[in-house]
Amino acid sequence: MRGALLRIVYILAAGIVFCLFSPARSVAQTVFDDMPEPGSSEDYHGDWRELGGNPFDIPGEEGENAAAADTTKNKRKIRKPLESYFFDDSVRMQPNFVWNISTFRNRIEMSRIDTLLNQLQFDFPFQRKGVGDAHQGPLGGASIPFSYFDRPQYQDFSFASGYNAYYVHPETAPFYNVKSPFTQFQYFMAGQKIKAEENFEIRHAQNISPSTGFNVDYKSRGTKGQYNWQKMRDKNLSVAFSHTGKKYTVHAGYIYNAVLNQENGGITDDRLVTDTVIDLSQAIPTRLNDAQNTIKNNTYYVVQSYGIPLRRLTDDDFSIADRSSVFVGHAFECHRWWRKYTDTRAESEGFYDNWYISPGSTNDSIFESRLTNRVFVQLQPWDRNGVIGTLDAGVGMDMHLFYMYDPNYLITGRKNEQKENSYYVYGAIDGSISRYFDWGGNIMFHPTGYKSGDLQFGANASMSAFIKGRPITLSGEFSIDRRSPDYWSQRFFSNHYAWSNSFDKENETRFEVKLDIPAIRLEAKVMHSVTGDKIYYNADAVPVQHDGNVNVTGVYASKGFRIPVGLSAFHFDHRVLLQWSTSQEVIPVPQVAAVASYYFEFNIVKNVLRCQFGVDGRYNTEYYAQGWNPATARFYNQREKEIGDYIKADLFLNAKWKRMRIFLKLEHANEDMFGSRNYFTVPHYPQNRRIFKYGFSWSFYD
């Protein structure tokens, strides 16, 4: 604890020195939180030329001061403004903004820079989405969403799916446009030194020109563990470069993801938590004491396109977003995954039934890579946001390589490598009628290769009405997915598990209807899925295929209430999910999962220091929650026992002092207060005991 406090003092002192002695800038600093939401009634939809000139013009060189300029000196060159067709005027006028890219199409999706006071206390990444995940307990552990509709149905290298909440992918990597350099770092700390949790994040973004910039984002999150052999660490690095010009656009980056986790297999007997009070968590025996999983991923990607206007541009054409154009693009991706699992029989006796390769120890290693090339064309018939905004078409090829240990290697001398190629064509269409109606559709088909016959089809539409400038949106989505089985569910050989399957393709149909009213903080949606020939990991932790259909229905609602008290307010935020599965043996889901946050928000010093004080609560009904298998790094459908029906409450205090955000939290404040001690969301893996957390997030804009 003392060492952690000293580290925080050193960081705060360094930041204060930086602020005091950093050079002054001629442009006023702007805080992200002061900017209105894009599309809100306060947002500006005009052009910068209507505001009296280019915001990137250099003071003293144009306008009323031009006459006073010294004509004997060379004038500095005026920087070109941001002319990208990706951003409308409301986005372009913001001082700083962030987005994600599509690696299949010439499209982006706007995101947010996190500088808000709300939800600062949520240090687990999955706590901010929906009703959260079932997880192993400490920060950095494997997790799986309570909502079936948020669970990854197919992804490359499925051994990493348990850490999907922590991973960075090309389509989730952030890209920034900032008027002045932006740096943000945060540090969260919890617990005693021998079992501390730590969360360190730092990001820096800087623009070379209004259209060109780069950013670096690094995260390191993990714990030493409250229980034996529970050290976990997740690391993520994203380095990104972007140029969004008038015609040419490129997004490129490098991503590194790493998981280094000790696997204790859970505690030996859940009753040591539920029925017995043991003061020291390290006194509770665990089922494994030397097993370890290491997963690493390296990704390189480039997505670029060039726009060709179908008629000559004039000096008044600020962007080609409202001109008929054709875009030609290319996407390149290189993904490499590696996993290693180790244990010894002396410490794992009784946990695994089989020892196929070595009777004394395990040293399993597997590898997968994917090299992707795509070429696409996008037609913009009229306006990019017109009735028919864009028409997309593309072709792609994926080159896969799979490697695992071959028991015949000493005889044949050949490594067990499997190379597969998959070829596909795809298309999409998008359009909108003013701001009242949006629609779109997409299709992808694999005519030949490794995934021959796979088909994905989707359609979406949304209608909006505006009351006093505030939107009410009703949207719907529909999709059909016919997908090949994951490679590793078909064939796998290791020291503890081995299988060779010939599964049929899965078939899934989904639809979703959603109502969104931001003005009253209401979101509600109904979701339904019908899956045929579902592949899942059964109670023996091996993959099997269900013969028939499984239906899952979900109803989700999020509603926030605010009761003002002068300049302060009481807030009551709720997120609730109801789910029904026709086969809990195949797709287990809790019938009810809910999150509630009740807090009081107030000023201590107006416009300087604002605080939130409140409580968070999480709950899910009992169900056969999925278990975790360290040797396969997969969740499986255990039928040993039901867990749930426990409310976990956290007390928190958030504060924002100018650009610094500070939080204090007593996690699991209600531990052992009301009789029940069944605080598990994954069998045999208890949630953290009562623990005090604290930390800060500091942003710099120069």
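Of the strands (runs of 3 or more DSSP E) lying entirely inside the range 585-702, the ones with 3 or more residues being free of Cβ contacts under 8 Å to residues at least 40 places away in the same chain and in contact with a strand residue (DSSP E or B) (Cβ under 9 Å, 6 or more places away or on another chain) are found at 592-605, 648-657, 660-667. Exactly one residue out of Ile144, Ile113 is under 21 Å from the mean Cα position of the chain (by Cα) and modelled with pLDDT under 90: that is Ile113. For the range 264-274, state whether one or more residues are in a helix (DSSP H, G or I), surrounded by fewer than 22 Cβ atoms within 10 Å (Cβ to Cβ) and either of a type in the set (D, E, K, R) or without any contact (Cβ under 8 Å) to a residue 60 or more places away in the chain (or both). Scanning the range 264-274, I find at least one residue that is in a helix (DSSP H, G or I), surrounded by fewer than 22 Cβ atoms within 10 Å (Cβ to Cβ) and either of a type in the set (D, E, K, R) or without any contact (Cβ under 8 Å) to a residue 60 or more places away in the chain (or both), so the answer is yes. None of Phe157, Phe175 is farther than 24 Å from Ser369 by Cα and in contact with a His (Cβ under 9 Å, 6 or more places away or on another chain) except Phe175.
So is Lys129 over 30 Å from Asp481 (Cβ atoms) and surrounded by fewer than 19 Cβ atoms within 10 Å (Cβ to Cβ) or not? Judged against the criteria, Lys129 is not a match.
Taken together, Asp438, Asp454 contain a single residue that is on the phi < 0 side of the Ramachandran plot, of a type outside the set (Lys, Arg), crowded, with 17+ Cβ neighbours inside 10 Å and touching a His at 6+ places or on another chain (Cβ under 6 Å), which is Asp454.
When the residues of the range 467-490 are narrowed to those that are under 29 Å from the mean Cα position of the chain (by Cα) and charged (D, E, K, R), which ends up surrounded by the fewest Cβ atoms within 10 Å (Cβ to Cβ)?
So the residue we want is Arg470.
Those residues that are over 16 Å from Gln226 (Cβ atoms) and modelled with pLDDT of 95 or more, I need them from the range 270-286; list them, please. Residues satisfying the conditions do not exist here.
Looking only at the range 548-579, residues that are in contact with a Gly (Cβ under 9 Å, 6 or more places away or on another chain) and more than 25 Å from Ile647 (Cβ to Cβ) come to 3 in all.
Within the range 431-460, being aromatic (Phe, Trp, Tyr), closer than 25 Å to Glu506 by Cα and in a strand (DSSP E or B) holds for Phe445, Phe457. Can you find even one residue in the range 561-583 that is out of contact with any helix residue (DSSP H, G or I) (no Cβ under 9 Å at 6 or more places or on another chain), at pLDDT 95 or above and not in a strand (DSSP E or B)? Within the range 561-583 (the criterion being out of contact with any helix residue (DSSP H, G or I) (no Cβ under 9 Å at 6 or more places or on another chain), at pLDDT 95 or above and not in a strand (DSSP E or B)), the answer is yes, since at least one residue qualifies. Only residues that are over 17 Å from Asp438 (Cβ atoms) and not polar (S, T, N, Q) were counted in the range 462-484, giving 8. For the range 399-417, enumerate the residues that are in contact with a Phe, Trp or Tyr (Cβ under 8 Å, 6 or more places away or on another chain), at pLDDT 90 or above and surrounded by 15 or more Cβ atoms within 10 Å (Cβ to Cβ). Answer for the range 399-417, where residues must be in contact with a Phe, Trp or Tyr (Cβ under 8 Å, 6 or more places away or on another chain), at pLDDT 90 or above and surrounded by 15 or more Cβ atoms within 10 Å (Cβ to Cβ): His400, Phe402, Tyr403, Met404. For Asp317, the conditions (1) at pLDDT below 95; (2) part of a loop (DSSP other than H, G, I, E, B); (3) closer than 30 Å to Ile643 by Cα all hold with the exception of (3). Restricting the range 319-337 to residues that are surrounded by fewer than 18 Cβ atoms within 10 Å (Cβ to Cβ) and not polar (S, T, N, Q), the residue that is farthest from Asn236 (Cα to Cα) is Asp322. In the set Arg521, Arg510, only one residue is at positive phi and under 25 Å from the mean Cα position of the chain (by Cα); that residue is Arg521. Checking each residue in the range 149-162 for being within 21 Å of Ala593 (Cα to Cα) and surrounded by fewer than 22 Cβ atoms within 10 Å (Cβ to Cβ) picks out Phe149, Asp150, Arg151, Pro152, Gln153. When residues in the range 488-546 are screened for being of a type in the set (Phe, Trp, Tyr), more than 22 Å from Phe457 (Cβ to Cβ) and assigned to a strand (DSSP E or B), 5 of them pass. The set of residues in the range 205-226 being crowded, with 18+ Cβ neighbours inside 10 Å and in contact with a strand residue (DSSP E or B) (Cβ under 6 Å, 6 or more places away or on another chain) consists of Ala205, Asn207, Ser211, Gly213, Phe214, Asn215, Asp217, Lys219, Arg221, Gly222, Thr223.
Confirm whether Phe157 is touching a Ser or Thr at 6+ places or on another chain (Cβ under 8 Å) and touching a residue at least 40 places away in the same chain (Cβ under 8 Å). Criteria not met by Phe157. With a requirement of 2 or more residues that are of a type in the set (Gly, Ala, Ser) and under 20 Å from the mean Cα position of the chain (by Cα), the strands (runs of 3 or more DSSP E) lying completely within the range 158-256 that satisfy it span 212-223, 232-244.
Note on the range 335-385: among residues that are more than 34 Å from the chain's Cα centre (by Cα) and in a strand (DSSP E or B), the one that is farthest from Gly265 (Cα to Cα) is Ser361.
The values are calculated or read from the model by the stated rules, or taken from the named source; none is laboratory data. In this text the structure is predicted, and so the values were computed from the model without any measurement. Note that each Cβ is placed from the backbone with ideal geometry, even for glycine, and that neighbours are counted across all protein chains shown.
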